[in-house]
Amino acid sequence: MRAFVVGASLAALVAATETAAAQTTLGWDAAVFSSYVWRGVTYTNKPVLQPDLYLTVPIGKASLTAGGWANIDIAKYDGSSDISESGGESAFNVAEFDWWAEIGIPAGKLTITPGATGYYFPNDAGFTKASNTIEIYGKLALDAPLSPKVNVYYDVDKVKGAYVEGSISHEFPVGPKSLTLGALAGWTGGQEFSTSDKSFNFADKGLTHVDLSASMGFTAGSLSITPSIHGVITSDDATKITKPNALDTGFKVWGGVTISWSKAFGGKAEE
């Protein structure tokens, strides 16, 4: 089965785009997660490290953000019950590198964000260079109660199909902090298996999964530290796989912590 991955620290990217409305902003984040789950699909069932570096530049009222993200398998995989994106042949193996670029365009309470992502797999086992591909996408975010968002992705190279995500979230005050609860649903229309094309991300057309999440951010100087946990209700046969011998998991949990930093040029460091 073919599948592609996207950076997990979306909150940091959104914050950078909003901050950069008036200034150029440089930022990075580093996340450690218990496993690697992309669009509901488990690609690594041991801990991973996911660093990201990005630069946001204002263009009038809009903002251009470009960056690079990587997924690193922390441990060597030597068990028959393991899933590894890199093939698991060594520890601290860079399994994937993605470049990405997008433009955030404000339109009243709506933010429109077109962009593109290139996926590169450097290893000779697991996902290889034969899996390299490019996606284009468009995001809509509404400044309204529950912060509704809709993202549409289209693979223009290997899979040549669409994937759609809709999400909502809300912040609840917990003392001086805020607890953010979110819900996301994924749907595929073209990235599923086809007898005429062997490149695919999911088994069937339709609902892929529902992701329920909770996160809370803390600050330490100029750093932002955000623990998060996800509970995934699986729907597609591809999202149900958690191990080679566990092919029908209806619910799975993953989580971790993200450390973020950003600085607006000419201004103070952003949280």
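I'd like to verify a number: residues in the range 135-147 that are farther than 17 Å from I103 by Cα and open to solvent by 40 Å² or more (accessible area, probe 1.4 Å), how many? Even if it seems obvious, please write down each step before you answer.
Quick first cut of the range 135-147, residues farther than 17 Å from I103 by Cα only: 143-147.
Right, trim to open to solvent by 40 Å² or more (accessible area, probe 1.4 Å) and you get 143, 145-147.
Qualifying residue count, the range 135-147: 4.
Having 1 or more residues that are touching a Gly at 6+ places or on another chain (Cβ under 7 Å) is the bar; report the strands (runs of 3 or more DSSP E) wholly within the range 170-271 that clear it. Reasoning before the result, please.
Details: elements: 177-189, 206-216, 218-220, 223-234, 251-264.
By residue number, 177-189, 206-216, 223-234, 251-264.
Here is a list of conditions, (1) open to solvent by less than 40 Å² (accessible area, probe 1.4 Å); (2) closer than 25 Å to T44 by Cβ; (3) not acidic (D, E), and P244 meets all of them except one; can you say which number that is?
(1)
Scan the range 195-235 residue by residue and report those that are polar (S, T, N, Q), under 14 Å from K160 (Cβ atoms) and open to solvent by 40 Å² or more (accessible area, probe 1.4 Å). Explain how you work it out, then say what you get.
Going residue by residue through the range 195-235, those that are polar (S, T, N, Q) are 195-196, 199, 201, 208, 213, 215, 219, 222, 224, 226, 228, 234-235.
With the extra rule that they be under 14 Å from K160 (Cβ atoms), the set shrinks to 196, 199, 201.
Listed by number, the list holds a single entry, S196.
The values are calculated or read from the model by the stated rules, or taken from the named source; none is laboratory data. A quick note: this is a predicted structure, and the numbers were derived from the prediction, not measured. A quick note on method: Cβ atoms are made from the backbone with ideal geometry, for glycine too, and the neighbour counts reach across all protein chains shown. Accessible surface is based on the protein model in full, side chains and every heavy atom, while ligands, DNA and RNA are left aside. Shrake-Rupley method; radii C 1.70, N 1.55, O 1.52, S 1.80 Å.
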